[in-house]
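A.B. asks: Questions regarding the structure given below will be posed in turn.
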């Protein structure tokens, strides 16, 4: 049975939750296009997200995220879209994400995120300070927003990429 291409799937969650990796693999499995909001912004701006944060600040980046989502709403459906971890936090973005498609929260616990993010120097919000403390603090703030925004929550800690992709495939049939 072919998946329904009259919808988008949007992946939200904390940094390191697997949005890009899962999104890329799931899109291939279900013959959808894969889009990553961070990659779209980097292409448009001609710099990395880290450089964008450094040169123009977080507020500018958050505006670019909202602008990107608005553009995607007008595009054809049939996409799996990975978002930046902070995108749902900006007021109004949760509603835009729901308009864009079905929102899936890839949820992971602190220990899982610690393993995935330790040694990562590319993420501006994780630079300097205690990684565990940063993750726990940000999850306490972001977690409830992710939960409220999502149509479906997938607890990914003990799931393989294959299991997560199977869940997404079921949703698309």
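The values are calculated or read from the model by the stated rules, or taken from the named source; none is laboratory data. What you see is a predicted model; the values in this text were computed from it and never measured. Note that each Cβ is placed from the backbone with ideal geometry, even for glycine, and that neighbours are counted across all protein chains shown.
A.B. asks: Test each condition in (1) modelled with pLDDT of 95 or more; (2) under 17 Å from the mean Cα position of the chain (by Cα); (3) assigned to a helix (DSSP H, G or I) for residue 81 and report the one that comes out false.
C.D. replies: Among (1) modelled with pLDDT of 95 or more; (2) under 17 Å from the mean Cα position of the chain (by Cα); (3) assigned to a helix (DSSP H, G or I), residue 81 violates only (3).
A.B. asks: When you look at residue 57, is it within 13 Å of the chain's Cα centre (by Cα) and at pLDDT below 95, yes or no?
C.D. replies: The answer is no for residue 57.
A.B. asks: Only one of (1) farther than 25 Å from residue 147 by Cα; (2) part of a helix (DSSP H, G or I); (3) at pLDDT below 95 fails for residue 42. Which number is that?
C.D. replies: (3)
A.B. asks: Does region 142-173 hold any residues that are at pLDDT 90 or above, in contact with a helix residue (DSSP H, G or I) (Cβ under 8 Å, 6 or more places away or on another chain) and assigned to a helix (DSSP H, G or I), and which are they?
C.D. replies: Result: 142, 145, 146, 148, 149.
A.B. asks: Residues of region 25-40 being over 18 Å from residue 65 (Cα atoms) and touching a residue at least 12 places away in the same chain (Cβ under 8 Å), which ones?
C.D. replies: 25, 26, 27, 29, 30, 31, 32, 33
A.B. asks: Just the residues that are more than 20 Å from residue 111 (Cα to Cα), surrounded by 15 or more Cβ atoms within 10 Å (Cβ to Cβ) and within 17 Å of the chain's Cα centre (by Cα), please, taken from region 146-173.
C.D. replies: Scanning region 146-173 gives 149, 150, 165, 167, 168.
A.B. asks: Further, regarding this structure: Sort out which residues of region 51-81 are over 29 Å from residue 168 (Cβ atoms) and in contact (Cβ under 8 Å) with a residue 24 or more places away in the chain, and write them in order of number.
C.D. replies: 53, 54, 58
A.B. asks: Assuming residue 90 fulfils every condition listed in (1) surrounded by fewer than 20 Cβ atoms within 10 Å (Cβ to Cβ); (2) farther than 14 Å from residue 146 by Cβ apart from one, which condition is it?
C.D. replies: In the conditions (1) surrounded by fewer than 20 Cβ atoms within 10 Å (Cβ to Cβ); (2) farther than 14 Å from residue 146 by Cβ, residue 90 misses (2) alone.
A.B. asks: Of all residues in region 88-103, which are over 15 Å from residue 37 (Cα atoms) and in contact (Cβ under 8 Å) with a residue 24 or more places away in the chain?
C.D. replies: The answer is 92, 98, 99, 102.
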